[in-house]
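Have a look at the structure below, then the notes.
The values are calculated or read from the model by the stated rules, or taken from the named source; none is laboratory data. Computed from a prediction, not measured in an experiment: that's the story for all the values here. Ideal geometry is used to build each Cβ from the backbone, glycine not excepted, and the neighbour counts take in all protein chains shown.
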Amino acid sequence: MSGQTPTIKVLYFAAASTATGLTTEEVPIPEEGLKLSELTNTLVSRHPDAQGLKEIIDTIPQKPVLWIAAASFAMLSYWMYSDIQISLPYNKIPTAMSQKSAFQASRLTPSTFLIKEYDDIYSEHPHIYAKVVPSANAILIIDTGCGGASNDTGIGIKSLREFIETVDVEDNAGQPLNEGGKLDYVVALTHCHYDHILGVEDFAGSPILASAHSSSFLDREAMPEHSLCNALNIKTPKYTPTLVPHGYDIVSAGKASLGMQILHTPGHTPDEIALYDEAEMMLYVGDSLYEWEPIIFPKEGSIITWFASMDYLIDFVRQKNAVVQTSQRGDGKPSDVLINSGHCTALQPALEVLLAAKTYMEDVVAGRKEVLSRRQNRGEETVTYGEVGDRFSLRCPERLVLDARDNFKTRLE
Ligand SMILES: [Zn+2]
């Protein structure tokens, strides 16, 4: 665009051409972009003498009344009544023309992208992962974020699905991750907390997989409380999960493998799961652990159960690492499993992170870490260990730490 004002080219047909006396016109795009819904007024104001131009455009609903092209771009047709901004394909679009989105995507592996909700009003900045499997005509979505509510009032795209289907991603050759929704969705929820499920209603009609470990935990009546939506006074999304067993291999609607296994790893919540991508040696652990932000347990969690799940994952990763193998995630060199969490942590060596998190939690339970603050949360005395900027810190009801301490003492006796 090199300094030139970007323009769109408008082609006039039939009555519109008669009224304006033109067949084509270049219309400059203002800095702040141009909404299609405002295009009628823009054109009318450019042609004050064009008899009945507004009526001509207005009376042809649901038809592509105008062909809009930008110099050297492919021709695109638009429907005047869709309230979307003009966007043109690929990276040639002047940024002023594309809508701002609540999400950003970057590539993790040849198949998988990290989608981050980067400025949400809850300050959760949740990680969403999308694995594209063209051979199965499917896209697996791990978690759905917190619904696109952003601190940035200029955000136009709040729907995760709209982002996936319409927003060009530089790391994906400038294409949306699932352009036009041509791949079937399979959604897996690492657990039912609000910051992982608020986008789930976008995917109604697709399989929504969740843990069968403690099925009553996901009962519809319990969801407002267990999702923490009640505590935040927000509407609980409605969805009907398909509860799957430990070791379940995820398949598409056509029963093709997506190369991802579900592991039950309760602790953070009873329904917490991890997912393992065998070919790419990638482990996705949801909120079981992450670095640089407090690991949080709600009152429904259990540190005792968490230790058992972490021991399971440590063994699991050790076995995978022990087999000399090349993963399909990159350079073809023998590699170790990498860990990707529901917040903050991605692409880190799984074994090291798991062991370090476990050691930290052992220190807390053994009384080697100090409580830095206390407050009441959901009717319980809640303690925080560690500070912002520490690699690991913890926030949970004090009862969970004391239960774990008792449990260890009993085991040592
Ligand atoms: Zn959570």
- Pull up the stretch 243-258, narrow it to residues that are buried (at least 20 other Cβ atoms within 10 Å of the Cβ), in a strand (DSSP E or B) and of a type outside the set (Phe, Trp, Tyr), then point me to the one that is farthest from the ligand (Cβ to nearest atom). 258
- Note on the structure: Within the stretch 329-348, residues being more than 16 Å from the ligand (Cβ to nearest atom), closer than 20 Å to residue 189 by Cα and not aliphatic (A, V, I, L, M) number 0
- Item | Unmet requirement for residue 344, which otherwise passes all of (1) in contact with a Ser or Thr (Cβ under 7 Å, 6 or more places away or on another chain); (2) on the phi > 0 side of the Ramachandran plot | (1)
- Message: Filter the stretch 112-136 down to the residues that are more than 17 Å from residue 286 (Cβ to Cβ) and among the small types (Gly, Ala, Ser) and list them by number.
- Response: 123, 135, 136
- Query: residue 173 passes all but one of (1) surrounded by fewer than 21 Cβ atoms within 10 Å (Cβ to Cβ); (2) of a type outside the set (Asp, Glu); (3) within 26 Å of residue 232 (Cα to Cα); which number fails?
  - Reply: (3)
- Query: How many residues are within 8 Å of the chain's Cα centre (by Cα) and assigned to a strand (DSSP E or B) when one looks only at the stretch 123-151?
  - Reply: 6
- Task: State whether one or more residues within the stretch 273-288 are part of a loop (DSSP other than H, G, I, E, B), out of contact with any Phe, Trp or Tyr (no Cβ under 8 Å at 6 or more places or on another chain), closer than 18 Å to residue 386 by Cβ and not assigned by the TED database to the domain that holds residue 399.
- Result: yes
- Can you name the residue in the stretch 286-312 that is more than 11 Å from the ligand (Cβ to nearest atom) and among the β-branched types (Val, Ile, Thr) and is also farthest from the chain's Cα centre (by Cα) among such residues? 304
- Can you confirm whether the stretch 366-382 contains a residue that is outside the structural domain of residue 227 (by the TED database), more than 28 Å from the chain's Cα centre (by Cα) and under 18 Å from residue 268 (Cβ atoms)? yes
- Test residue 227 against the stated conditions and say whether it is in contact with a Cys (Cβ under 6 Å, 6 or more places away or on another chain) and buried (at least 16 other Cβ atoms within 10 Å of the Cβ). yes
- Item | Within the stretch 181-195, considering residues that are outside any strand (DSSP E or B), hydrophobic (A, V, I, L, M, F, W, C) and within 16 Å of the ligand (Cβ to nearest atom), the one nearest to the chain's Cα centre (by Cα) | 189
- Message: Test of understanding: among 298, 266, 270, 237, which residue is crowded, with 18+ Cβ neighbours inside 10 Å, in a loop (DSSP other than H, G, I, E, B) and assigned by the TED database to the domain that holds residue 143?
- Response: 237
- Could you please let me know if residue 155 is assigned to a loop (DSSP other than H, G, I, E, B) and in the same structural domain as residue 204 (by the TED database)? yes
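Only one of 150, 215, 159, 211 is away from the ligand (no atom under 16 Å from the Cβ), within 22 Å of residue 247 (Cβ to Cβ) and small (Gly, Ala, Ser). Can you tell me which?
Unique residue meeting the criteria: 215.
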- Task: For residue 198, indicate whether it is in contact (Cβ under 8 Å) with a residue 24 or more places away in the chain, away from the ligand (no atom under 16 Å from the Cβ) and within 16 Å of the chain's Cα centre (by Cα).
- Result: no
- Query: Scanning the stretch 177-207 for residues that are surrounded by fewer than 24 Cβ atoms within 10 Å (Cβ to Cβ) and among the polar types (S, T, N, Q), which turns out farthest from residue 268 (Cα to Cα)?
  - Reply: 178
- Kindly list the number of the only condition in (1) outside the structural domain of residue 207 (by the TED database); (2) assigned to a loop (DSSP other than H, G, I, E, B); (3) surrounded by fewer than 20 Cβ atoms within 10 Å (Cβ to Cβ) that fails for residue 261. (2)
